[in-house]
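This report concerns only the one structure given below.
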């Protein structure tokens, strides 16, 4: 967003005013213009919003349908911060459950595509990194994930060295739950829809 330029004082007025007063008035107009412009955008941050009540329930062998009453897997926002030595990924739901869900991020870089999961099923609490399409959990020292019930968020922090120190990333996010009889899923970038094996990606987010 471009900042509005401060308007110059009319020549007839400046000619009649002492130099110090003219400078003070001009400085005031400049400050007012900067306040109207607001803070500068952060090039290393990105947030996406998602429609509420768009979780899909997929019965085993059945037809997917919207489960508008599910709040624990209903993403309302997701975001990323790409600066320094770490990529921070997060998602926020309407009401975070105490357990039994998997928060996931699908991340593309110039060289590869990755999955990150924060898994809270069966009492477990662990965060993992995979190559997309690969079954093997990758070693990544410093990988961290945590749920924050007070803000309804799950946050994962991955050292950039683990994903090749990319110049940019594109990310998508999902929240899910899987049982023997059904599967719940919400994609942060699709209103009432989902992909079976990936998340919809957003625009590039460059490192700062």
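The values are calculated or read from the model by the stated rules, or taken from the named source; none is laboratory data. Given the structure is predicted, the values throughout are model-derived calculations rather than measurements. So basically every Cβ, Gly included, is an ideal-geometry build from the backbone, and we count neighbours across all protein chains shown.
In table form, for the structure just shown:
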read-out: Candidates 165, 189 - the one that is surrounded by fewer than 18 Cβ atoms within 10 Å (Cβ to Cβ), assigned by TED's automatic domain parsing to the domain that holds residue 57 and modelled with pLDDT of 95 or more; value: 165
read-out: Residue 98 being at pLDDT below 95 and buried (at least 19 other Cβ atoms within 10 Å of the Cβ); value: no
read-out: Single residue of the range 115-146 satisfying the filter (exposed (fewer than 15 other Cβ atoms within 10 Å of the Cβ) and closer than 14 Å to residue 101 by Cα) that is nearest to the chain's Cα centre (by Cα); value: 146
read-out: Residue that is in the same structural domain as residue 62 (by TED's automatic domain parsing), assigned to a strand (DSSP E or B) and at pLDDT 95 or above, where the choices are 200, 146, 150; value: 146
read-out: Cβ-Cβ under 9 Å pairs, at least 6 apart or on other chains, the range 45-61 side within 20 Å of residue 157 (Cα to Cα), far side loosely packed, with under 14 Cβ neighbours inside 10 Å; value: 45/208; 46/203
read-out: Top-ranked residue of the range 168-179 - restricted to ones that are part of a strand (DSSP E or B) and over 15 Å from the mean Cα position of the chain (by Cα), ranked as modelled with the lowest pLDDT; value: 178
read-out: Output for the range 51-66, where each listed residue is under 22 Å from residue 149 (Cα atoms) and surrounded by fewer than 19 Cβ atoms within 10 Å (Cβ to Cβ); value: 51, 52, 53
read-out: Tally of residues being under 18 Å from residue 140 (Cβ atoms) and touching a strand residue (DSSP E or B) at 6+ places or on another chain (Cβ under 8 Å) across the range 77-95; value: 9
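Per-residue answers, yes or no, for (1) assigned to a loop (DSSP other than H, G, I, E, B); (2) at pLDDT below 95; (3) outside the structural domain of residue 94 (by TED's automatic domain parsing):
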residue: 106; (1), (2), (3): no, no, no
residue: 110; (1), (2), (3): yes, no, no
residue: 129; (1), (2), (3): no, no, no
residue: 133; (1), (2), (3): yes, yes, no
residue: 138; (1), (2), (3): yes, no, no
